1. Could you give me the residue pairs with C-beta distances under 6 Å whose first residue belongs to the range 76-93 and is in a helix (DSSP H, G or I), whose second residue is loosely packed, with under 15 Cβ neighbours inside 10 Å wherever it lies, and which are 6+ apart or on separate chains?
2. Output the residues belonging to the range 51-62 that are surrounded by 16 or more Cβ atoms within 10 Å (Cβ to Cβ), out of contact with any helix residue (DSSP H, G or I) (no Cβ under 6 Å at 6 or more places or on another chain) and farther than 17 Å from residue 87 by Cβ.
3. Across the range 58-75, what is the total count of residues that are assigned to a helix (DSSP H, G or I) and under 17 Å from residue 25 (Cα atoms)?
4. Just checking, which of 73, 65, 17 is at negative phi, surrounded by 10 or more Cβ atoms within 10 Å (Cβ to Cβ) and at pLDDT 90 or above?
5. Does the range 35-44 contain at least one residue that is at pLDDT 85 or above and assigned to a helix (DSSP H, G or I)?
6. Provide a single number: the residues in the range 65-74 that are closer than 20 Å to residue 85 by Cβ and within 13 Å of the chain's Cα centre (by Cα).
């Protein structure tokens, strides 16, 4: 049987692909972790408020670190998440 030598890189990977330490890789991992911890309806208001705070923190970080994002939109999403956390803590939601 002939020996097949694997290519030096995956031929389907673009040569301009960002390195693994790119902020988008970190964001995807952090977003996945956040979504895995999304509280259900049976959790306490405080637990849900804490989750919305973590969501807002992640969005704030994206607004600062990702030059390609719409900073106004991402900042507004963070503000809405913090407002939801505040509503939950005050018992309004």
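The values are calculated or read from the model by the stated rules, or taken from the named source; none is laboratory data. In this text the structure is predicted, and so the values were computed from the model without any measurement. Cβ atoms come from the backbone with ideal geometry, glycine included; neighbour counts cover every protein chain shown.
1. Pairs that qualify, where the first residue is in a helix (DSSP H, G or I) and the partner is loosely packed, with under 15 Cβ neighbours inside 10 Å, are 87/93.
2. 61
3. 8
4. Every option except 73 fails the conditions.
5. Looking through the range 35-44, at least one residue is at pLDDT 85 or above and assigned to a helix (DSSP H, G or I).
6. 1
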